[in-house]
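Here the structure is laid out as structure tokens; the discussion comes afterwards.
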Amino acid sequence: MRRAIGQSLRIGVSAHAVSLLRISRWRGEPVTVLAEHAFASSSEHPFDAIANALRALLGEQLGDKSVAGWPVSIVLADDLTRMWRVVPPPGAARLADIEAAAGFRFQALYGEAPAAWQIAGDWDAAQPFFAAAVPRALLAVLQLVAQEFKLHVVGIEPHFITAYNRWRRGFKPGAWFGLVHDNLLTLAAIEADGKGIRAIRVVPMPAGQGADQYWLGQTLKREALLLDMEAPELLQVCGAAPAAWSKAGDQPAHIPCVVLDQAQQASGGKLSSMALLARGGSRA
């Protein structure tokens, strides 16, 4: 597979499937689904199962030489990662102080030792910030497979972070941000001044027609109440959002919803759930 200028690969990784896309910035189809591979998840060796699925995806369907040298961004399903809010300790002045605070908070929330996780964050000693963690064992197998196929890894990020970073500059005052994927709504409750996130919430969506405008409005108001915040004036969402959310509502309590990646969804057609994961925050 010859690489043209402006082309790159994106790999989506979940606990049960992997997918591979070709992204073209300047010529040809912006997004091409090259391959997808589902597999049986393993409770004992989950990351080995992911590694073997990636080898099948890259080796059997493309061949190792055909992808050698390609830049690749890897998008991880959010259930493989952790995200949490960190309040810096009083008097914190060094990076080591807030890194320790993030580790202590991680252990308190998840009951796991932070040493087994790679933690990154928007480090800030003066105000609360968010951190994210990926298992070191998962990062190791991803890097190993990339080396085997001579891929150049340019980034490994959780799905929500790729989407949030893609759209954050377009957030409107009073709006919250949401990502819909695999029947989960991940919400970023944004501070009223628009300068930060108060909380990230993951909300299961009801099946069928249950996730309608009324459900969305009630969900947003409930989360705002739990956070001691005003309900958002608008939800800006990306991903597989139900079409009903963006229609004009006839209820006084309706909270408007705008689909940020509507043009992407239209141009991408009926992409699978895994292809949407791999595309993540790509502008294509």
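The values are calculated or read from the model by the stated rules, or taken from the named source; none is laboratory data. Since the structure is predicted, the reported quantities are computational estimates derived from the model, not experimental observations. Reconstructed Cβ throughout: ideal geometry from the backbone, glycine too, with neighbour counts over all protein chains shown. Heads up: the accessible areas ignore ligands, DNA and RNA and are worked out on the full protein's heavy atoms, side chains in. Shrake-Rupley method; radii C 1.70, N 1.55, O 1.52, S 1.80 Å.
How many angstrom lie between the Cα centre of region 198-228 and the Cα centre of region 76-126?
26 Å
Where in region 47-106 are there trypsin sites (Lys or Arg not before Pro) that are in a DSSP coil and have at most 12 other Cβ atoms within 10 angstrom of their Cβ?
Sites meeting the loop and neighbour criteria: 94.
Run lengths n ≥ 4 of DSSP H only: what is the helix-derived mean residue ellipticity at 222 nm for the chain, with -39500 (n - 2.57) per run over all residues, to the nearest 500?
One gets -8500 deg cm²/dmol as the mean residue ellipticity at 222 nm.
Please calculate how many Å² of accessible area the chain carries per residue, with a 1.4 Å probe and no DNA, RNA or ligand atoms counted.
I get 52 Å² per residue for the chain.
What whole-number volume per residue, in cubic angstrom, does the convex hull of the C-alpha atoms of region 170-260 give?
90 Å³
To the nearest 10 square angstrom, what accessible area does residue 16 show with a 1.4 Å probe?
90 Å²
How much of residue 39 can a 1.4 Å solvent probe reach, expressed as accessible area in Å² and rounded to 10?
Residue 39 exposes around 40 Å² with every protein chain in place.
Considering every pair of different Cα atoms, what Kirkwood radius, in Å, is found for the chain?
Final number for the Kirkwood radius of the chain is 20.2 Å.
If you roll a 1.4 Å probe over region 170-260 with all protein chains in place, what percent of the accessible area is carbon or sulfur?
Heavy-atom surface of region 170-260 belonging to carbon and sulfur, 1.4 Å probe: 54 percent.
Among all the aspartates and glutamates, which ones have a C-alpha under 17 Å from residue 172's C-alpha, if same-chain residues fewer than 8 places away are not counted?
Counting by Cα, and skipping residues close in sequence, residue 172 has these aspartates and glutamates nearby: 191, 193, 230, 233, 261.
Taking a label point 7 Å from the Cα of residue 68 along the Cα→Cβ vector, which residues of region 133-148 have an amide N closer than 14 Å to it?
Under 14 Å, as judged by backbone N against the label point of residue 68, lie 147-148 of region 133-148.
For the chain, which DSSP H helices look membrane-span-like by this rule: Cα extent along the axis of 30 Å or more and mean Kyte-Doolittle of at least -0.5?
On the way: long enough: none.
Counting only whole DSSP H runs, no helix qualifies.
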